[in-house]
Amino acid sequence: MAFRTEEVTNYKTIVICDDCKKESVLNTTPTPMGFDNKMNGALSLGYTFKDNGKRFMNYCNSCKPKHV
Ligand SMILES: [Zn+2]
């Protein structure tokens, strides 16, 4: 019988609300998620994005109304 044991590394990607700092797990993947996948994952969890002129901010569902 042959066996081989490998250690497998995964990357857990978490989106953080820039207001209340609530964290939601987007996904656990074998390679770090790219920007587009992060955006789409966050959108599917109800997060929204806002460009404040300097950078993009993430807001969760409950903080969204404060930042329209
Ligand atoms: Zn929030």
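Miscellaneous remarks
- Neighbour-limited loop hits for GluC sites (Glu not before Pro), the chain (at most 15 other Cβ within 10 Å; DSSP other than H, G, I, E, B): GLU6, GLU7
- Computed over the chain, the per-residue total of -39500 (n - 2.57) for DSSP H runs of n ≥ 4 gives a 222 nm mean residue ellipticity of -4500 deg cm²/dmol, rounded to 500.
- In sequence order, the stretch 52-67 has phi-based couplings of 8, x, 9, 7, 7, 10, 9, 10, 6, 3, 7, 8, 3, x, 7, 10 Hz under the Karplus curve 6.51 cos²θ - 1.76 cosθ + 1.60, θ = phi - 60°, and Gly or Pro positions carry x.
- Angle between the chain longest axis and helix 35-44 axis [Cα atoms, degrees, rounded to 10]: 70 degrees
- Our Cα-only numbers for the chain put the radius of gyration and Dmax at 16.2, 62 Å.
- In order along the stretch 28-34, phi translates into HN-Hα couplings of 10, 10, x, 10, x, 5, x Hz, rounded to whole numbers, per the Karplus curve 6.51 cos²θ - 1.76 cosθ + 1.60 with θ = phi - 60° and x for Gly and Pro.
We did not get these values from a lab; they are worked out from the coordinates using the rules stated. Note that this is a predicted model, so its numbers are computed, not measured. With ideal geometry, Cβ positions are generated from the backbone for all residues, glycine too; neighbour counts draw on all protein chains shown.
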